[in-house]
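The values are calculated or read from the model by the stated rules, or taken from the named source; none is laboratory data. The structure displayed is predicted, hence computed values, not measured ones. Heads up, the Cβs are rebuilt from the backbone with ideal geometry, glycines too, and the neighbour counts pull from every protein chain shown. Please note that ligands, DNA and RNA were not included when accessible areas were found on the heavy atoms of the full protein model with its side chains. Shrake-Rupley method; radii C 1.70, N 1.55, O 1.52, S 1.80 Å.
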Amino acid sequence: MASNQDNGARPKSSSKPSLAELKKKDRQERAREESQPDTVEDPSQLGEPHDDSDTDDEEYNMMIAGLSEVALLMKKPNEVNGTGFIYDERFILHKNDWEPKFPEKPARVIKPYKRCCDYKLVDRCTRFEANFCTEDQILSLHSQELIDVLQSVTNMNQKERMDLSKKYDSVYLHQDTLQTAMLSAGSAIEMMEQILKKNVRNGFVLARPPGHHAMYDEFCGFSFFNNVAIAAKHAIDNLGLKRVLIVDWDVHHGQATQQMFYNDPRVLYFSIHRYEYGEYWPSLRESDYDYVGEGDGLGYNINVPINKTGMTDSDYMAVLQQVLMPVAYEYNPDLVLISSGYDAAIGCPEYDPELVIVSCGYDAAIGDVKGEMMVTPAAYAHFVHMISSLAEGRVCCVLEGGYNIKSLSEGVALSLRSLLGDPCPVLKPMSEPSDSVTESILNTIKCISPYWECLCYQPKLDEDDVCDFDVVNNDPPKDGIIFQTKENKPTEYDLTYIYPYKVEKDYIEAEDKWNNIIDDLIKETSLTVPPHRTCLVYDKGMKAHKAIGYSNHPESPARISRIYDKHKEWGLLDRCLELKCRLAEMEELELVHSQTHVEFLKTLEDKEIPELIGLQSNYNSIYFSKDTYICARMAAGCTLNVIDTVLSGQARNGVAIVRPPGHHAECGKPMGFCFFNSVAIAAKYAQKKFNVKRALILDWDVHHGNGTQHMFYEDPSILYVSLHRFDGGFFYPSSMDGNYDRVGTKDGMGYNVNIPWEYGGKGDAEYLAAFQQIIMPIAYEFAPDLVLISAGFDAAIGDPLGGCKVTPAGYGHMTHMLSSVANGRVVVVLEGGYNLVSISNSMATCTSVLLGDSVPQWKYEPPQNIAIQTICDVLDVHKQYWKCLKFRVSIPDKCPKTEEVKSEKYKDFPASSSDIDNLSGQLSSVTINKDETESINTTDSTEDQSIFINNNNSMAEQGTSSGAEGGSDKFGSNKELLKHYEQQGVEAMYAVEPLRWCAHLEQVKPLPADGLNVEDPCEDCQNKGENWVCLVCFKVYCSRYVKEHMVKHGEDSKHPVVLSYADLSVWCYECDNYLDNDILKPALASARASKFGDDK
């Protein structure tokens, strides 16, 4: 594939200059900015959205401590959108003729479909036809005998079908069972293929009968063919996928799915299910947490067994946060299949506390039925949202169980709504996870942590020590449990589905009671969606604030215009509601700042340059200009406009591309490039004007937001969380206030969370680990009404001050996680970030995610040990304030035997979307018919991408730590840097290597008799600066930095090969790459002689 590198003459939308151009343009840009200072417009004219992006003409300028020049190409957002939906009335043909009230009944799909239609969700989906699977697809996991049995059933009378049904556990047979079972399995395959073809991003299959209990040679548990397993098998065997994640949240263990992939690392099977130590159906020993796979599949089977009733949203959420999501990120699947059982939902008789206790033999201890102890329909939307961060959103939900029709219908509808990208409904603040669930989670971690590096936050007990949770000290099975085995399984089963008496009474006879409870939940759940998804504010007037006499100051005006340009380049602006700019009023500024502070900054407008220079020396890392005051007011006012738009319901979320930054500004003084604390002002403004009860401020700027922390240190209504470099208190702002033990005071104790990194080099791995272990659990327990992100991008790769390595993909994942809370009301406000390429790509990625684009795929790397220790320190301090952090305890060491090593064969596949891209293209040209499946082999392909980088190591990671420009430890070698960031949201990085040959070289003509003259002007505009010569017709035109006439010539003439008079490089438009071939030597020699006066 051709490189994405550019020569300065290619179209602007995907260009990249040569190194000589980069240096020259940087010099010209600095000179231009010094000679043409920005001015603030008349405040009365502020605020119109800008068509003029005011690009600073500087395409790339990544300077790492002045030594390295790096160019990164970031992928544009994945444009695969849409949600697929499959429902067919033939799914209702399968029914129980002798017991119409049997729980697995046609209403299980009829009513959810109607509910989805009521919400107008189906109209928003892409409908696909239900397809039958082929016999070969069934035979990939099932025996021929099962097919033969179902074929024979089509000709049986009712008595014969009843007699045959007795041979299977919890199964009834109908003449149309074969048809509906093949249709269900085929529909799962169809949806999966549509996702892989990139016709839709994700999909929901509303089909029955369910499948996850269907074994190789046995029907079981309402299931005939294993729909999800067959789809996964087809994906890995015939479509070449390397990693498929199956998430099974049905309340019953999907034992058949586990059996089918137990030794296959290409499929990671994760199940959370009710177990009761083995007493709950299907009562198998293999459903416990210590069954982790075998052979190559060791570690790829994960069971989280629930041993007590009363599962709540908090319990399920803890399982996902502590086990599923960390492991899933490390596994990095190509596709996610969800066995979507809704029988853990509130009101479902299959998972009521009464039923559970009775079925477990505790009928003497029956308690009151408490519906609120169950998983709410709204929680399923959050689960889907969390999982959608994986595999670039390739998620396929397939219905399994769920037997309270009203609860099931609501759960399905809200799951589909989440797939469609609607905001997650607000959940009540998460309560403390139960001790029983905590024990199950710790036991699971105990057994699978040897196979997963991400599960490293529970220290191992010494030999004589014990865990605080007693159950964790013991290994299964529990004494006295009788498991179902081949030896003791019945030869005949009851035809009727019998509920215990109490369950019959409290659920079947009291259906109205449960419906009323569910109706109340529905009424409490707001599903309002604002008319606009994302609003955005920018005004070039904020560029007027600039350092006097210091053109290279990192807090430069170009920061915001470059970010705005990237938004425009990616097409994001057309999808946003662009807002007007305004100035913050005095009373708004004084929500967090003193009147004296505001009045002092206002006086700057009347001061002369010498006085301004003298004043700024009195402050820490501050420069003043005449426009400082008005620009800082604009930054705050713009942010408040976003707050107004989001909290008034006009937009779901918002982005403020503003400067100067604000999070260092204290109540009474400016510091660290900051004057007014825009985010802090916004938080208080939201509380005052919109009655926001709880606001979360997440500060991921590499520097600690000292100003924000101090303003809310005693305030429990504002949760402030900061991830920052600390370096023992020596990294700017050089204070111990940023340490993890600074937790707030008085009523605010616990509401100040610092995650202080020691030294540089922290990247996606460390930041996402902190989000999973600390930030998101606390966020769900806090349950904010609004999320404000102090979005500094100086922890990004290549930043000259931060010395960290967060990629745009990393920022995208953090944004996606935060979008799950507060009904999606997230506002991203620019703080720091001083590498123009890094901040542009990073903030644009955040906006892309807010707009609903797929989260870029991210390849897992383990966090640094020193970062793990920091996370553990934070957990240890804050677990007394936040009950969600109770999992930080020591557990027994269950290191596997030496021969039991986890297969690395599949874990280490590159996390590239290129395989999926290839597969998508191949699938799009292949018809999978009903009679035969195509075997499609994917091939590895690498995209040509580029990086400019010299052999000097950065000083940014070690550097000095004094002042806001302080740096950090050095980066590793260039080789290490390349490896670390390959496919981390960066389209690619590699040393520049021109093509030695391309077919377009044949179009190169012999030189004119008088050779080349590098002083020739552009034929269209007479520019004599940066020009290119066409090596086909030898016409000379200016580069894209001037008026882009060579771009137009290339498009019109189709002459692909051009030579730069700036750095004597040769570029091919068609191949999108540099060229180096002997054919070019005459032209290069002539240009060199003209440029340097020699003919070498």
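Within the assembled protein chains, the solvent-accessible surface assigned to residue 281 is about 60 Å², based on a 1.4 Å probe. Under a 5 Å amide H cut-off, with hydrogens placed 1.01 Å from N, residue 399 pairs with 205, 207, 340 among residues at least 5 apart or on other chains. Highest-first packing order for the peptide set 415-427, 577-589 is 415-427, 577-589, based on the mean count of other beta carbon atoms within 10 Å. Computed from backbone phi with θ = phi - 60° and the Karplus coefficients 6.51, -1.76 and 1.60, the 3J(HN,Hα) list for region 136-149 is 4, 5, 5, 5, 5, 9, 10, 7, 4, 4, 5, 5, 4, 4 Hz; x is used for glycine and proline. Working ranking of peptides 99-105, 474-480, 638-644 by packing, defined as the average number of other Cβ atoms within 10 Å per residue, highest first, is 638-644, 99-105, 474-480.
Accessible surface ranking for 469, 91, 1.4 angstrom probe, highest first: 469, 91. Of the cross-linked pairs 460/762; 101/513; 602/669, those separated by over 22 Å at the C-alpha level are 460/762.
The stretch between residue 489 and residue 216, if pulled fully straight at 0.36 nm per residue, gains 96.6 nm over its current Cα-Cα span. In whole Å, how far is the Cα centre of region 775-827 from that of region 606-632? Here the answer is 31 Å between Cα centres.
For the residue pairs 406/693; 95/166; 523/689, the C-alpha atoms sit more than 22 angstrom apart in 406/693; 523/689.
What FRET efficiency comes out for the pair residue 160/residue 123, r = Cβ-Cβ distance, R0 = 56 Å, nearest 0.05? Working from the Cβ atoms, E equals 0.80. Counting 0.36 nm for each residue step from residue 135 to residue 97 and taking away their Cα separation leaves a gain of 11.0 nm. Placing dummy labels 7 Å off each Cα toward the beta-carbon, the span from residue 590 to residue 1021 is 5.1 nm.
Among the listed pairs 746/879; 76/543; 120/580, those with a Cα-Cα distance over 22 Å are 76/543; 120/580.
Of the peptides 233-243, 154-164, the ranking by mean beta-carbon count within 10 Å, highest at the top, reads 233-243, 154-164. Counting only protein heavy atoms and a probe of 1.4 Å, the accessible surface of region 600-662 is 48% carbon and sulfur. Annotation note: GluC sites (Glu not before Pro) in region 245-305 located in DSSP loop regions with a Cβ neighbour count of at most 16 within 10 Å are 294. As a fraction of the 1.4 Å probe accessible area of region 529-574, surface on carbon and sulfur atoms comes out at 47 percent.
Reported to the nearest whole Å, the Cα centre-to-centre distance from region 1004-1032 to region 541-557 is 37. Normalised per residue, the accessible area of region 102-173 is 47 Å², obtained with a 1.4 Å probe and no contribution from ligands, DNA or RNA.
Protein heavy-atom surface of region 366-479, 1.4 angstrom probe: 44% of the accessible area is carbon and sulfur, with nucleic acids and ligands not counted.
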